[in-house]
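Written below as structure tokens is the structure these notes are about.
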Amino acid sequence: MTDVRKPTGTADREEAVAEAAARLARAAREHKPCAPVRDLLGSRDIGLAYAVQQHVIGDRIAAGARVVGRKIGLTSPSVQRQVGVDRPDFGVLLDDMDVTGLPAVPSGRLLQPKVEAEIAFVLAADLDHADLDLATVRAAVGHAVAALEIVDSRVADWDIAITDTVADNASGGLFVLGQQRRTLKEFEPREVTMQLYADGKLASAGDGAACLGDPLAALLWLARTAREFGDPLRAGQVVLSGALGPLVPTPPGTTVRAEMSGLGTVAATFSPKDRG
């Protein structure tokens with residue numbers, strides 16, 4: 001894939017960020033997928049793509065949304081192959097993305113959703129230290145739950161390079177958290193096995209090792225990266241640690257259920273489109 005445009009000067013880069021953010025926001029607002037933004041950002045400038053993400057999230061916060069955590073994306077080799085990228089990324093979780101308590105996932109808020117089953121970590125301590133390691137992040141986890149991440153792309157037909165998905169808040173959509181809490185003394189994340197059913201049929205399967213070898217390794221990657229970006233992970237935040245198996249499309253009316261060893265089940269039904 002070649003870059004169509006590579007912004008160089010400061011003014012060019014600022015213009016590209018504003019234009020890409022406006023394109024993605026318009027797609028969400030008008031409920032109509034847009035063209036990829038890599039024509040504005042290039043296909044490899046990750047820093048520029050995160051600047052777009054920050055712009056988009058900043059606008060949503062200004063409109064009243066509140067940050068409740070982060071999501072790690074593209075941790076599973078199978079998911080990387082599905083969307084054609086080769087490295088993890090991260091996005092921001094906002095309070096209005098949490099649909100755990102709703103009777104149905106509002107399909108009307110989504111464009112082209114897919115579901116992945118994940119382990120969600122809830123932090124009990126800040127992760128802003130200079131010497132972060134696996135022991136540090138393990139100690140910072142208060143508890144974990146099974147989770148469904150509903151990924152969605154504002155980019156038409158999921159035609160994404162890494163800069164497209166990063167700019168688009170790591171293709172973030174909505175999420176659902178399970179109710180069975182477990183501490184890291186009660187289970188080992190890398191040993192979790194997962195089966196995800198769509199309308200009663202097995203649609204995806206995997207395990208903790210599919211998530212960068214260990215979901216805690218993914219958490220460590222995020223903690224270091226977030227700190228480097230000047231916005232470290234904080235106590236109380238939820239971290240969706242990454243897919244344990246392939247993505248599953250979820251059109252309106254789909255019912256999904258994930259079963260995870262040690263963490264129980266998490267399920268959701270997507271509303272009919274006209275009721276989203």
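The values are calculated or read from the model by the stated rules, or taken from the named source; none is laboratory data. Only a predicted model underlies this, so the values are computations on that prediction, with no experimental measurement involved. Because the Cβ atoms are built from the backbone with ideal geometry, glycine has one as well, and the counts that use them run over all protein chains shown. Calculation scope for accessible area: heavy atoms of the full protein, side chains included, ligands and nucleic acids excluded. Shrake-Rupley method; radii C 1.70, N 1.55, O 1.52, S 1.80 Å.
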Next on the checklist: Suppose we keep only residues that are buried (at least 17 other Cβ atoms within 10 Å of the Cβ), modelled with pLDDT under 95 and of a type in the set (S, T, N, Q) within the range 53-106. Which one would you say is farthest from residue 243 (Cα to Cα)?
Outcome noted: 80
Checklist outcome for this item: residue 70 vs (1) under 16 Å from the mean Cα position of the chain (by Cα); (2) over 27 Å from residue 185 (Cβ atoms): all pass except (2)
Next on the checklist: For residue 235, only one of the following conditions fails: (1) under 21 Å from residue 96 (Cα atoms); (2) assigned to a strand (DSSP E or B). What is its number?
Outcome noted: (2)
Checklist entry - Which of (1) modelled with pLDDT of 95 or more; (2) of a type outside the set (Val, Ile, Thr); (3) open to solvent by 10 Å² or more (accessible area, probe 1.4 Å) does residue 247 not meet, given it meets every other one? => result (1)
Checklist outcome for this item: Requiring at least 1 residues that are within 16 Å of the chain's Cα centre (by Cα), the strands (runs of 3 or more DSSP E) wholly within the range 146-222 are 174-177
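Output the residues belonging to the range 111-125 that are open to solvent by less than 60 Å² (accessible area, probe 1.4 Å) and in contact with a helix residue (DSSP H, G or I) (Cβ under 9 Å, 6 or more places away or on another chain). Step through it out loud before you land on a result.
As a first pass, look at the range 111-125 and keep what is open to solvent by less than 60 Å² (accessible area, probe 1.4 Å): 111-123, 125.
Those that are open to solvent by less than 60 Å² (accessible area, probe 1.4 Å) and in contact with a helix residue (DSSP H, G or I) (Cβ under 9 Å, 6 or more places away or on another chain): 111, 112, 113, 114, 116, 118, 119, 121, 123, 125.
Among the residues of the range 125-142, is there at least one that is out of contact with any Cys (no Cβ under 7 Å at 6 or more places or on another chain), within 21 Å of residue 252 (Cβ to Cβ) and touching a residue at least 12 places away in the same chain (Cβ under 8 Å)?
Of the range 125-142, the ones out of contact with any Cys (no Cβ under 7 Å at 6 or more places or on another chain) are 125-142.
Filter once more, so that each one left must be within 21 Å of residue 252 (Cβ to Cβ): none.
The answer is no; no qualifying residue exists.
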Checklist entry - Any idea which of 139, 156, 135 is at pLDDT 95 or above and open to solvent by less than 40 Å² (accessible area, probe 1.4 Å)? => result 156
Next on the checklist: Looking at the range 190-204, I want the residues that are surrounded by fewer than 18 Cβ atoms within 10 Å (Cβ to Cβ) and have a partner that is among the charged types (D, E, K, R) and in a strand (DSSP E or B) with Cβ atoms under 7 Å, at least 6 apart or on another chain. Which pairs are those?
Outcome noted: 193/207
